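To keep things clear, I will list the structure first and then write my remarks on it.
The values are calculated or read from the model by the stated rules, or taken from the named source; none is laboratory data. All values derive from a computational prediction rather than experimental measurement. Note that each Cβ is placed from the backbone with ideal geometry, even for glycine, and that neighbours are counted across all protein chains shown. Keep in mind that these areas ignore ligands, DNA and RNA; they rest on the heavy atoms of the full protein, side chains included. Shrake-Rupley method; radii C 1.70, N 1.55, O 1.52, S 1.80 Å.
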Amino acid sequence: MDRRGVTSGGTASGRVPEDFAVVVDAGGTIMVWSAGAERLLGYEPAEIVGRPAAGLLAARLPGSARRHVADGHRAAGEVALRHRGGDRIVVRLQGTPLADAGGGRPWLVTGVAPIGGAGRAEPGTEALWDLTLAQLPVPVAVYDREARLVAANAAMAQVMGMTMDMTMAQMRGRTLWEIQPTPPFDEYERLQREALRTGETLFHEDHGKAPGETREHAWSMFVSPLKDETGTVQGVSATAFDTTEQYWARRRLVVLNDAGVRIGSTLDVIRTAEELAEVAVTGFADFVTVDLLESVALGDEPAPVPPGEPVTVRRTAQRSVLDGVPESVVASGETAVYPVGTPPMRALIAGRGSRHTPGEPGMQEWIRSSEARARTVTTYMIHSIMLVPLRARGVTLGLAHFLRHRTTESFSDDDLLLAEEIAARAAVSVDNARRYTHERRTALALQRSLLPDRPRDLAAVEVAHRHLPTGSGADVGGDWFDVIPLSGARVALVVGAVVGHGIHASATIGRLRTAVRTLADVDLAPDELLTQLDDLVIRLDREEAPQARGRSRAASGEVGATCVYAVYDPVSRRCTIARAGHPPPAVVTPDGGVRFLDLPAGPPLGLGGLPFEAVEVELDEDSLLAFYTDGLLEAADRGTDAGLALLRQSLSGPAAPLEETCDQVLRTVLGDRPGHDIVLMLARTAAFDAGKVRTWQLSRDPAAVAGARDAAGEQLAAWGLTEAAFATELIVSELVTNAVRYGEDPVVLRLIRDATLICEVSDGSGTAPHLRRARVFDEGGRGLMLVARIAERWGTRQTPTGKTIWAEQELPTGALPGSP
């Protein structure tokens with residue numbers, strides 16, 4: 001007999017070979033093994049006789065069978081056996097006790113013989129009616145007015161785990177609770193007595209394992225009163241209908257609905273895989289694993305599955321009906337390899353699901369290739385497997401394994417369709433999460449590349465910062481900051497936030513940061529810089545908008561930003577600040593007092609037409625400037641005023657290292673999880689003493705050039721920078737000459753010793769010089785060319801009273817910045 005005919009969990013007695021016979025002694029040891037038993041289970045007599053019969057059981061005997069065996073009565077019912085190849089086989093068997101001269105009780109186990117009619121019937125209508133009830137394929141039983149069994153047909157006897165003669169001999173005259181003193185038979189007896197009392201037909205649905213079954217079934221039961229011609233209730237009938245298929249169909253619909261609700265609740269690859277496993281275990285599987293291709297698990301584009309090479313996958317999720325997932329062979333997060341030709345590899349290449357049993361040749365090789373996998377299959381008696389690829393948009397993302405060991409039924413074709421449906425839904429969600437992860441990681445990498453990793457060491461300020469992008473629940477925002485060295489040892493501090501999220505926001509940050517640095521190099525005042533930046537944002541916004549035919553572009557509203565721009569001068573200890581719709585910075589005095597600067601708010605960048613105003617404040621040395629984005633205040637989730645109060649609290653008190661202060665601010669102000677990008681930048685100010693700066697007022701007389709040159713040389717000697725004297729005197733000479741010849745009073749020479757040597761000449765004229773190449777016979781035009789060749793950097797900036805031309809030189813080797 002082909003054993004494949006019984007591996008699907010069938011229970012028909014005709015599937016057991018007619019010559020199936022096994023004799024088991026009183027101790028449970030197999031004594032006789034027939035040829036029919038060998039064909040059914042695959043064991044030869046030499047390897048099975050003398051072994052315990054319990055080793056052949058794939059599940060416990062039904063409860064009724066265990067009781068009858070214990071009482072020494074003949075028993076019949078479904079039995080789950082294990083084939084030599086590992087498959088689970090469900091058949092109907094009958095055990096008959098045999099007499100033994102030694103006083104023991106051996107048992108003869110055979111197949112259940114087909115049940116015929118209930119005995120010879122008299123011809124006539126009543127006899128045919130009795131035969132109909134006896135042979136009706138629907139379980140039917142009749143009870144008297146005291147709810148005691150009167151008769152039951154063959155189908156009911158089979159469900160109860162008895163043959164027909166056993167039913168009549170052992171069950172007649174007893175109540176259901178006396179026959180089966182276990183739930184839910186107490187409920188069935190209650191229904192019978194209710195029908196006897198009320199005379200109404202009652203309907204009841206139940207799902208469970210009948211006494212003569214090894215599998216759970218769904219039953220629809222009608223308990224109907226039996227009335228005579230006077231309408232008096234003389235008894236009740238119980239009719240049961242097997243609605244297992246309808247039950248599982250409803251369960252599959254519930255699983256599909258559950259999958260639609262639960263799978264894909266977040267844009268997280270791992271969580272989506274876990275949701276798939278949870279839905280499957282709750283609905284129809286006992287153990288589920290989800291393996292994603294390595295590239296997908298990392299958030300990259302999935303690579304095609306090579307047919308001739310092993311594939312590396314990552315165990316992303318696994319769930320079980322057993323606590324602790326003891327069936328697991330690969331831990332979550334670890335990688336595994338699918339060798340070429342194995343069922344998982346074939347499923348990935350084919351792109352469609354398949355059903356398997358552990359005894360299949362290909363599956364056996366796959367299981368035995370891992371000792372741990374083979375041990376798990378044997379220990380937990382895994383008997384049915386489905387392999388379903390996760391495919392979305394024509395691309396394979398991974399493979400889901402669905403296994404059964406506690407559920408006795410094998411997976412059906414309907415189960416495979418269900419698994420493919422929920423796997424397809426999960427695959428789309430996994431692909432969406434993968435795309436989101438990839439885009440977010442790209443945007444975050446782009447944004448981080450546009451922000452200073454660590455602000456350079458500056459003499460004017462000490463800077464510390466924190467940049468917290470939003471978590472996985474939202475796209476990367478557009479908060480940014482920058483620290484820009486300016487001429488004259490000054491420094492520009494910038495914090496801003498652009499409209500939008502993701503790569504678009506990161507690209508806008510790159511444009512604005514480049515523009516700010518370019519405008520800062522021109523040394524524009526903060527309010528003028530914001531005005532120029534506002535025009536740039538308007539142009540960018542119009543470029544984003546579609547152009548209507550025959551019309552100019554209107555603003556799209558997709559590009560906008562807020563910004564605060566501050567310039568601090570360590571020589572004068574003055575800070576000039578302007579803002580465009582951005583929260584005002586806080587100032588912490590050396591004694592720990594905190595105040596928020598009262599600055600004109602200014603419109604956000606991109607509105608146009610409204611002015612920006614700058615405010616100049618004088619700061620004590622070791623003051624602290626705190627710049628932040630509105631995400632810091634909103635993260636507290638208590639309103640802006642509450643956020644400002646928490647920020648004031650976190651900044652007040654004795655001075656501490658800036659890194660510690662940053663951490664203190666975040667601990668105090670932030671909630672559990674910020675919902676917006678956050679930038680916090682702290683800058684502690686320094687001041688240059690008289691030993692680092694020297695200033696001379698000059699007259700607009702050509703003779704003043706020589707005096708300025710001599711004064712500069714003497715100061716360099718005092719600073720120990722005689723090696724730079726020649727170059728510096730030349731620069732002073734050229735710049736003072738230009739100021740005397742083309743500028744206006746007052747003319748001022750200033751030398752600053754910082755990390756570089758800075759020479760500045762200011763005058764009252766607002767006309768800025770231009771570098772040009774002098775021709776052969778020109779008498780002028782070579783001064784700035786010489787300065788540009790000698791200095792490392794040079795430039796010009798506008799001042800409230802005119803302009804300043806400056807040049808920087810590297811300090812001579814061995815000279816320490818700031819040393820006299």
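Taking residues in the range 736-759 that are at positive phi, and partners anywhere that are of a type outside the set (F, W, Y), not one pair has Cβ atoms closer than 8 Å while being at least 6 places apart or on different chains. For the range 225-250, how many residues meet the condition of being part of a loop (DSSP other than H, G, I, E, B) and exposed (fewer than 15 other Cβ atoms within 10 Å of the Cβ)? Matching residues across the range 225-250 total 5.
For residues in the range 251-300 being closer than 19 Å to T312 by Cα and part of a loop (DSSP other than H, G, I, E, B), which is farthest from the chain's Cα centre (by Cα)?
We begin by selecting, within the range 251-300, every residue closer than 19 Å to T312 by Cα; these are 269-270, 273, 288-300.
Now drop any that are not part of a loop (DSSP other than H, G, I, E, B), which leaves 298-300.
On the way: L298: 11, G299: 11, D300: 14 Å.
Within the range 251-300, the match that is farthest from the chain's Cα centre (by Cα) is D300.
For the range 381-394, filtering for residues that are touching a residue at least 60 places away in the same chain (Cβ under 8 Å) and assigned to a loop (DSSP other than H, G, I, E, B) leaves 3. When the range 586-601 is limited to residues that are in contact with a Ser or Thr (Cβ under 9 Å, 6 or more places away or on another chain) and crowded, with 19+ Cβ neighbours inside 10 Å, the one that is nearest to D527 (Cα to Cα) turns out to be V587.
Residue by residue, here is whether (1) open to solvent by less than 10 Å² (accessible area, probe 1.4 Å); (2) among the charged types (D, E, K, R); (3) out of contact with any Gly (no Cβ under 9 Å at 6 or more places or on another chain); (4) at pLDDT below 90 holds:
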{"site": "I678", "(1), (2), (3), (4)": "yes, no, no, yes"}
{"site": "R709", "(1), (2), (3), (4)": "no, yes, yes, no"}
{"site": "A727", "(1), (2), (3), (4)": "no, no, yes, no"}
{"site": "L730", "(1), (2), (3), (4)": "no, no, yes, no"}
{"site": "R741", "(1), (2), (3), (4)": "no, yes, no, yes"}
{"site": "P746", "(1), (2), (3), (4)": "no, no, no, no"}
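Looking at the range 312-330, can you tell me whether even one residue there is in a helix (DSSP H, G or I), of a type in the set (A, V, I, L, M, F, W, C), without any contact (Cβ under 8 Å) to a residue 60 or more places away in the chain and crowded, with 17+ Cβ neighbours inside 10 Å? Steps first, answer last, please.
Filtering the range 312-330 for residues in a helix (DSSP H, G or I) gives none.
Within the range 312-330 (the criterion being in a helix (DSSP H, G or I), of a type in the set (A, V, I, L, M, F, W, C), without any contact (Cβ under 8 Å) to a residue 60 or more places away in the chain and crowded, with 17+ Cβ neighbours inside 10 Å), the answer is no, since none of the residues qualifies.
If you go through the range 793-815 and keep only what is buried (at least 16 other Cβ atoms within 10 Å of the Cβ), part of a loop (DSSP other than H, G, I, E, B) and touching a helix residue (DSSP H, G or I) at 6+ places or on another chain (Cβ under 6 Å), you end up with nothing. There is no residue in the range 637-654 that is touching a residue at least 12 places away in the same chain (Cβ under 8 Å), of a type in the set (K, R) and either over 27 Å from G593 (Cα atoms) or open to solvent by less than 20 Å² (accessible area, probe 1.4 Å) (or both). Within the range 570-585, track down each residue that is in a strand (DSSP E or B) and surrounded by 20 or more Cβ atoms within 10 Å (Cβ to Cβ). If the condition is that a residue be in a strand (DSSP E or B) and surrounded by 20 or more Cβ atoms within 10 Å (Cβ to Cβ), then C575, I577, A578, R579, A580 are the ones that fit.
Any idea which residue in the range 64-87 is surrounded by the fewest Cβ atoms within 10 Å (Cβ to Cβ), counting only those that are touching a Pro at 6+ places or on another chain (Cβ under 9 Å) and closer than 26 Å to F411 by Cα? The extreme case among them is G85.
Taking the criterion of being of a type outside the set (D, E), within 24 Å of P62 (Cα to Cα) and assigned to a strand (DSSP E or B), the residues of the range 179-209 that qualify are H204, H207, G208, K209.
Yes/no matrix, rows are residues, columns are (1) closer than 28 Å to A655 by Cβ; (2) at pLDDT 90 or above; (3) charged (D, E, K, R):
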residue	(1), (2), (3)
H501	no, no, no
D541	no, no, yes
A554	no, no, no
P585	yes, yes, no
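Of the residues making up the range 659-680, not a single one is in contact with an Asp or Glu (Cβ under 9 Å, 6 or more places away or on another chain), within 30 Å of T756 (Cα to Cα) and among the aliphatic types (A, V, I, L, M). Note on the range 44-63: residues that are of a type outside the set (D, E, K, R) and within 24 Å of S410 (Cβ to Cβ) total 10.
Restricting to the range 521-539, give me the number of residues that are part of a helix (DSSP H, G or I), of a type outside the set (D, E, K, R) and either surrounded by fewer than 22 Cβ atoms within 10 Å (Cβ to Cβ) or free of Cβ contacts under 8 Å to residues at least 12 places away in the same chain (or both).
Taking the range 521-539 and keeping what is part of a helix (DSSP H, G or I), we get 521, 526-539.
Filter once more, so that each one left must be of a type outside the set (D, E, K, R): 526, 529-533, 536-538.
From what is left, the residues that are either surrounded by fewer than 22 Cβ atoms within 10 Å (Cβ to Cβ) or free of Cβ contacts under 8 Å to residues at least 12 places away in the same chain (or both) are 531-532, 536, 538.
Residues meeting the conditions: 4.
Candidates A59, A46: the one that is at pLDDT 80 or above, under 20 Å from H217 (Cα atoms) and open to solvent by 20 Å² or more (accessible area, probe 1.4 Å) is A59.
In the range 185-211, which residues are open to solvent by 50 Å² or more (accessible area, probe 1.4 Å), under 48 Å from the mean Cα position of the chain (by Cα) and either among the β-branched types (V, I, T) or under 18 Å from R67 (Cβ atoms) (or both)? If the condition is that a residue be open to solvent by 50 Å² or more (accessible area, probe 1.4 Å), under 48 Å from the mean Cα position of the chain (by Cα) and either among the β-branched types (V, I, T) or under 18 Å from R67 (Cβ atoms) (or both), then K209 is the only one that fits. Can you name the residue in the range 1-31 that is open to solvent by 70 Å² or more (accessible area, probe 1.4 Å) and among the aliphatic types (A, V, I, L, M) and, of all such residues, is modelled with the highest pLDDT? Looking at the filtered set, the residue picked out is M31.
The residues in the range 508-520 that are among the hydrophobic types (A, V, I, L, M, F, W, C) and either surrounded by fewer than 19 Cβ atoms within 10 Å (Cβ to Cβ) or in contact with a Cys (Cβ under 7 Å, 6 or more places away or on another chain) (or both) can be counted, and the count is 1.
Return yes when F688 is in contact (Cβ under 8 Å) with a residue 12 or more places away in the chain, of a type in the set (F, W, Y), crowded, with 18+ Cβ neighbours inside 10 Å and in contact with a Leu (Cβ under 9 Å, 6 or more places away or on another chain) and no when it is not. For F688, the condition - in contact (Cβ under 8 Å) with a residue 12 or more places away in the chain, of a type in the set (F, W, Y), crowded, with 18+ Cβ neighbours inside 10 Å and in contact with a Leu (Cβ under 9 Å, 6 or more places away or on another chain) - is not met.
The numbered conditions (1) closer than 30 Å to A419 by Cα; (2) among the aromatic types (F, W, Y); (3) without any contact (Cβ under 8 Å) to a residue 40 or more places away in the chain; (4) open to solvent by 80 Å² or more (accessible area, probe 1.4 Å) are all true for W219 except (4).
Quick check on the range 607-629: of everything there that is on the phi > 0 side of the Ramachandran plot and out of contact with any strand residue (DSSP E or B) (no Cβ under 7 Å at 6 or more places or on another chain), which residue is least open to solvent (accessible area, probe 1.4 Å)?
G608
The set of residues in the range 46-94 being free of Cβ contacts under 8 Å to residues at least 12 places away in the same chain and assigned to a loop (DSSP other than H, G, I, E, B) consists of R60 alone.
Where helices (runs of 4 or more DSSP H) sit wholly within the range 642-751, those with at least 1 residues that are under 30 Å from T562 (Cα atoms) and either basic (K, R) or out of contact with any Lys or Arg (no Cβ under 8 Å at 6 or more places or on another chain) (or both) occupy 658-669. Working only within the range 240-271, note down all residues that are under 30 Å from H204 (Cα atoms), in contact with a Phe, Trp or Tyr (Cβ under 8 Å, 6 or more places away or on another chain) and among the aliphatic types (A, V, I, L, M). Scanning the range 240-271 gives A240, V255.
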